[in-house]
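Remarks on the structure that follows.
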């Protein structure tokens, strides 16, 4: 039996989250600490304390860490509500990259690592990064990984250049992907490591100027210059980084979609209000087909994006890996929500390209969704291989 109903207690939680975002978080969208490079860490900390006081901090965390122990379907409902403002997930500590990093760390850290690197992130006291992407190496194709790690039996030495490392500036918990070189002690190959953000050898060269501004402290260029880590810094098994990255990616793709669905729904509500009140040629523009059809197309897209997200969330809740289905959802939802935001800009007319409403900001921010956690074309390639029988 297929059941699309939302339990009453979840409806109440959804409504509570959205109203809290509207009342407490949206006013911060004009705060000067929401900069070209995203919210400052100072703004994040203030928002986190508001969420903590409201009992809405890191609700996705396991119960043993003080969270609500949400299923993926429950996350879908509540993240959409949080995403009504791009600052909502930041405040509630369920924004990227921390949300995906917490998910991964909860799966593969040992007890000591969890206390040192995971718990402070769950509690909102520090941020995390996932350092994989490189300017001349790993990205859409992680197999091009060029950052190296050497091991002498006691310490790892990491050297390499990364970029587009989201939130690196000021982050304390670092997950670093490097290619472990041949050695007599451990298997070689792409490997994950844990590090403190203030460790000597982590050099943040600059914050990159980017179109979006919804990620805390933006995206950075980072150099690892002789970063020395003890054996205990090994995260999981040596040589298993790609497997762990896949473990993180399927849910992370989906939570991106959940949050952006809320943002797109808000933009649609703003476009609807404008279409009802703005007049042209003797009547509200909502009565012109050119506008009303855009509103209708948006409603169709939002409905099907939500169903796509819910389906993959259901699969994950059944214990499925859902790699293929999450790729389908990521490609479909990211492209459709971009079109939704584009149509909202068009309905708003001239003010759609100004900051008189948040729609222009949301339009710029959602553009990155078509690239992050794999560009649409990479997912299309994987989908086609699966359908045509060449993939797994």
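The values are calculated or read from the model by the stated rules, or taken from the named source; none is laboratory data. What you see is a predicted model, and the numbers here were worked out from it, not measured in a lab. Cβ: placed from backbone, ideal geometry, glycine included. Neighbour counts: every protein chain shown.
Among the conditions (1) at pLDDT below 95; (2) in a helix (DSSP H, G or I), the only one that residue 1 does not satisfy is (2).
Restricting attention to segment 1-11, the residues that are in contact (Cβ under 8 Å) with a residue 24 or more places away in the chain and either under 22 Å from the mean Cα position of the chain (by Cα) or loosely packed, with under 11 Cβ neighbours inside 10 Å (or both) add up to 1. Hey, does segment 225-245 have a residue that's under 24 Å from residue 29 (Cα atoms) and at pLDDT 95 or above? Looking for residues that are under 24 Å from residue 29 (Cα atoms) and at pLDDT 95 or above, one finds none in segment 225-245, hence no.
I'd like to check something: does segment 36-45 contain any residue that is closer than 24 Å to residue 307 by Cα and not assigned by TED's automatic domain parsing to the domain that holds residue 260? No, segment 36-45 contains no residue that is closer than 24 Å to residue 307 by Cα and not assigned by TED's automatic domain parsing to the domain that holds residue 260. A count restricted to segment 254-274 and to residues that are in contact with a helix residue (DSSP H, G or I) (Cβ under 8 Å, 6 or more places away or on another chain) and loosely packed, with under 13 Cβ neighbours inside 10 Å stands at 0.
Restricting attention to segment 209-231, the residues being more than 16 Å from residue 361 (Cβ to Cβ) and either without any contact (Cβ under 8 Å) to a residue 60 or more places away in the chain or within 16 Å of the chain's Cα centre (by Cα) (or both) number 3. What tally of residues in segment 12-27 results from selecting those that are within 26 Å of residue 167 (Cβ to Cβ) and more than 20 Å from the chain's Cα centre (by Cα)? Counting residues in segment 12-27 that are within 26 Å of residue 167 (Cβ to Cβ) and more than 20 Å from the chain's Cα centre (by Cα) gives 4.
Scoring residue 277 on the criteria (1) surrounded by 18 or more Cβ atoms within 10 Å (Cβ to Cβ); (2) farther than 25 Å from residue 141 by Cα; (3) over 19 Å from the mean Cα position of the chain (by Cα) leaves a single failure, condition (1). Out of curiosity, is residue 90 within 19 Å of residue 263 (Cα to Cα) and either in contact with a strand residue (DSSP E or B) (Cβ under 9 Å, 6 or more places away or on another chain) or in the same structural domain as residue 169 (by TED's automatic domain parsing) (or both)? Here the answer is yes, as residue 90 does meet what is asked.
How about segment 344-377: which of its residues are more than 24 Å from residue 76 (Cα to Cα) and either part of a helix (DSSP H, G or I) or touching a helix residue (DSSP H, G or I) at 6+ places or on another chain (Cβ under 6 Å) (or both)? Those that are more than 24 Å from residue 76 (Cα to Cα) and either part of a helix (DSSP H, G or I) or touching a helix residue (DSSP H, G or I) at 6+ places or on another chain (Cβ under 6 Å) (or both): 345, 346, 347, 348, 349, 350, 351, 352, 353, 357, 360, 377. Screening residue 239 with (1) over 30 Å from residue 40 (Cα atoms); (2) touching a helix residue (DSSP H, G or I) at 6+ places or on another chain (Cβ under 8 Å); (3) touching a residue at least 12 places away in the same chain (Cβ under 8 Å) gives one miss only, at (2). Name the single residue that is farthest from residue 305 (Cα to Cα) among those in segment 74-86 being assigned to a loop (DSSP other than H, G, I, E, B) and over 12 Å from the mean Cα position of the chain (by Cα). Checking each candidate, the answer is 85. If you go through segment 61-70 and keep only what is surrounded by 14 or more Cβ atoms within 10 Å (Cβ to Cβ) and touching a helix residue (DSSP H, G or I) at 6+ places or on another chain (Cβ under 6 Å), you end up with 61, 65. Restricting segment 50-59 to residues that are assigned to a helix (DSSP H, G or I) and free of Cβ contacts under 8 Å to residues at least 40 places away in the same chain leaves a set whose member that is surrounded by the most Cβ atoms within 10 Å (Cβ to Cβ) is 54. Residues in segment 17-44 that are surrounded by fewer than 19 Cβ atoms within 10 Å (Cβ to Cβ) and either free of Cβ contacts under 8 Å to residues at least 24 places away in the same chain or at positive phi (or both): 19, 23, 27, 30, 31, 32, 33, 42.
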